[in-house]
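Shown next, in structure tokens, is the structure this report addresses.
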Amino acid sequence: MSTSIIGQDALIERIILVLLANGNMLLEGLPGLAKTRAIKTLSKELNCGLSRIQFTPDLLPSDITGTEIYQPELKEKFVFQQGPIFSNLILADEINRSPAKVQAALLEAMEERQVSVAGKTYPMDPLFMVMATQNPVEQEGTYPLPEAQMDRFLMHVLIDYPDNQSELAILRLNRSEQYKSEEKNKERLAPEVVFEARKEIAKVKISENMEKYIVDIIAATRYSDKYSSELDQWIDFGASPRGSIAIDRTSRTHAWMNGNDFVTPDNIRAVVHDCLRHRLILSYEANADGITADQVLDEVLKQVAVVG
């Protein structure tokens, strides 16, 4: 993947991490920063399906989940026609371009790994990941994701411009791709490889001290007055229990990806920002002063000590 996506090594690592942790990912960045290319490149390396859903203001929930079609010549008069959500990797492009009822069509699939249509439940494939993208600029005509929807994403990842050296490499890569035919018989990884990796990650140990460290970080976002007057001023509502679950799952995955069979404080700190930045509701004072969720989490990590 790194040969096709240049200057975004952190993005590649996060996509693989979320896939192995069996979660969903919200990716935020300016146009042209390889958000769409990233998920397409992942699908080229895995032997699985990819669906791209372009969210627009006139999109309907049934355009995502599918609908029942009337077939008078059949014994079963109504036949369910699956929507694009029934695939392995789902690119929800510019998810904030559609109203809440359309965004909510993803909720059941993301959380329960199933879709309910006309009283019937249809399970998703065991290999399933939603990667939603949103643009931080051009807010006119957008519908901000509600907190309940944001909470369903395991990670909220921010990406920025590549450096000059990477930009130069991007130019050369784009030039070479114009004249290179795609490899048709390229060997792709089977989904079983991902499932086996998940079994190995489940064996990664996390000590009681590390568990307490995670709980203390979450507590600092909820009861901030006990830690710092600044935190108390900045945070209106802290992270839900999904936040602690997300840190636990991603820190174990992060440890495994770095060749360890146990979780360290560094593994936890490496994933805290991406796991919690979308789960905090900042106060009016914080927004007025230009304080970001990342700055709040920096302060949380300063205030919370590792036990033992």
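The values are calculated or read from the model by the stated rules, or taken from the named source; none is laboratory data. Only a predicted model underlies this, so the values are computations on that prediction, with no experimental measurement involved. Neighbour counts are summed over all protein chains in view; Cβ atoms, including those assigned to glycine, are modelled from backbone coordinates with ideal geometry.
Being part of a helix (DSSP H, G or I) and more than 15 Å from the chain's Cα centre (by Cα) is a property that does not hold for T3.
Entry remark, segment 84-119: residues being touching an Asp or Glu at 6+ places or on another chain (Cβ under 9 Å), in contact (Cβ under 8 Å) with a residue 24 or more places away in the chain and not hydroxyl-bearing (S, T, Y) number 8 in total. Select from segment 120-133 the residues that are in contact (Cβ under 8 Å) with a residue 40 or more places away in the chain and crowded, with 17+ Cβ neighbours inside 10 Å and write down the one among them that is farthest from G49 (Cα to Cα). Among them, the one singled out is T133.
Which of the helices (runs of 4 or more DSSP H) contained wholly in segment 254-308 include at least 1 residues that are within 22 Å of E200 (Cα to Cα) and without any contact (Cβ under 8 Å) to a residue 40 or more places away in the chain? Talk me through it step by step, then tell me what you get.
Details: elements: 265-276, 284-288, 293-303.
It comes to 265-276.
The number of residues in segment 173-230 being of a type in the set (G, A, S), surrounded by 11 or more Cβ atoms within 10 Å (Cβ to Cβ) and outside any helix (DSSP H, G or I) comes to 3.
Residues that are among the hydroxyl-bearing types (S, T, Y) number at least 2 in the following strands (runs of 3 or more DSSP E) confined to segment 53-125: 66-70, 120-123. Within segment 108-119, the set of residues being on the phi > 0 side of the Ramachandran plot and either surrounded by 12 or more Cβ atoms within 10 Å (Cβ to Cβ) or not hydrophobic (A, V, I, L, M, F, W, C) (or both) comprises R113, G119. Note on segment 38-88: among residues that are more than 26 Å from the chain's Cα centre (by Cα) and either at pLDDT 90 or above or among the β-branched types (V, I, T) (or both), the one that is surrounded by the most Cβ atoms within 10 Å (Cβ to Cβ) is T67. Looking only at residues of segment 21-32 that are crowded, with 21+ Cβ neighbours inside 10 Å and aliphatic (A, V, I, L, M), we find that the one that is farthest from the chain's Cα centre (by Cα) is A21.
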